[in-house]
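Everything on this sheet refers to the single structure shown next.
Read-outs throughout are calculated quantities, based only on the coordinates presented, and are distinct from any laboratory measurement. Computed from a predicted model, the values in this text were never measured in an experiment. Neighbour counts are summed over all protein chains in view; Cβ atoms, including those assigned to glycine, are modelled from backbone coordinates with ideal geometry.
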Amino acid sequence: MPRRITVFVKTGVKTPARLEKTESDSFIAYLNARAHDGEANRALVELIAASFSVPKTSIVIVRGHKSRHKLLEINA
């Protein structure tokens, strides 16, 4: 069964990319990539795939392609 997670994305950070879980069971993703030409979305999918140990192809951005607030579906 697919798992859905909500993620707030912060782009262009100087520190290494990382994923933090919040108290409300959502996540904050800190990405080095900028929100330009889908770079941040690709970086987010790579970060989620590495964090959850799933292939990148099993992650779908359901809502929020052009927003900092995203809903992702992980089909593992």
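Scanning the stretch 2-19 for residues that are of a type in the set (S, T, N, Q) and exposed (fewer than 12 other Cβ atoms within 10 Å of the Cβ) turns up at least one hit. For the stretch 28-42, a residue qualifies if it is out of contact with any Ser or Thr (no Cβ under 7 Å at 6 or more places or on another chain) and either among the hydroxyl-bearing types (Ser, Thr, Tyr) or within 21 Å of Val62 (Cβ to Cβ) (or both), and the qualifying residues are Ala29, Asp37, Gly38, Glu39, Asn41, Arg42.
Here is a yes/no grid of residues against (1) among the polar types (S, T, N, Q); (2) over 16 Å from Val13 (Cα atoms):
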| position | (1), (2) |
| --- | --- |
| Arg34 | no, no |
| Gly38 | no, yes |
| Leu44 | no, no |
| Ser51 | yes, yes |
| Val60 | no, yes |
| His65 | no, yes |
| Leu72 | no, yes |
| Asn75 | yes, yes |
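Just to be sure I understand the filter: pairs with C-beta atoms under 6 Å, separated by 6 or more residues or on different chains, first member in the stretch 1-14 and without any contact (Cβ under 8 Å) to a residue 60 or more places away in the chain, second member crowded, with 16+ Cβ neighbours inside 10 Å and assigned to a strand (DSSP E or B). Which pairs pass? Listed by first residue and then by second, the contacts come to Lys10/Tyr30; Val13/Tyr30. Just to be sure before I move on: is Arg34 in contact with a Gly (Cβ under 6 Å, 6 or more places away or on another chain) and either surrounded by 11 or more Cβ atoms within 10 Å (Cβ to Cβ) or without any contact (Cβ under 8 Å) to a residue 12 or more places away in the chain (or both) in the structure I sent? Yes. Taking the listed residues Arg42, Arg4, the one that is basic (Lys, Arg), under 13 Å from the mean Cα position of the chain (by Cα) and not in a strand (DSSP E or B) is Arg42, with no other qualifying. Looking at the stretch 27-39 only, could you name the residues that are part of a loop (DSSP other than H, G, I, E, B) and among the aliphatic types (A, V, I, L, M)? Selection gives Leu31, Ala33, Ala35.
Among the candidates Ser67, Ser51, Ser24, which residue alone is part of a loop (DSSP other than H, G, I, E, B), without any contact (Cβ under 8 Å) to a residue 60 or more places away in the chain and either within 9 Å of the chain's Cα centre (by Cα) or surrounded by 11 or more Cβ atoms within 10 Å (Cβ to Cβ) (or both)?
That would be Ser67, the only listed residue that is part of a loop (DSSP other than H, G, I, E, B), without any contact (Cβ under 8 Å) to a residue 60 or more places away in the chain and either within 9 Å of the chain's Cα centre (by Cα) or surrounded by 11 or more Cβ atoms within 10 Å (Cβ to Cβ) (or both).
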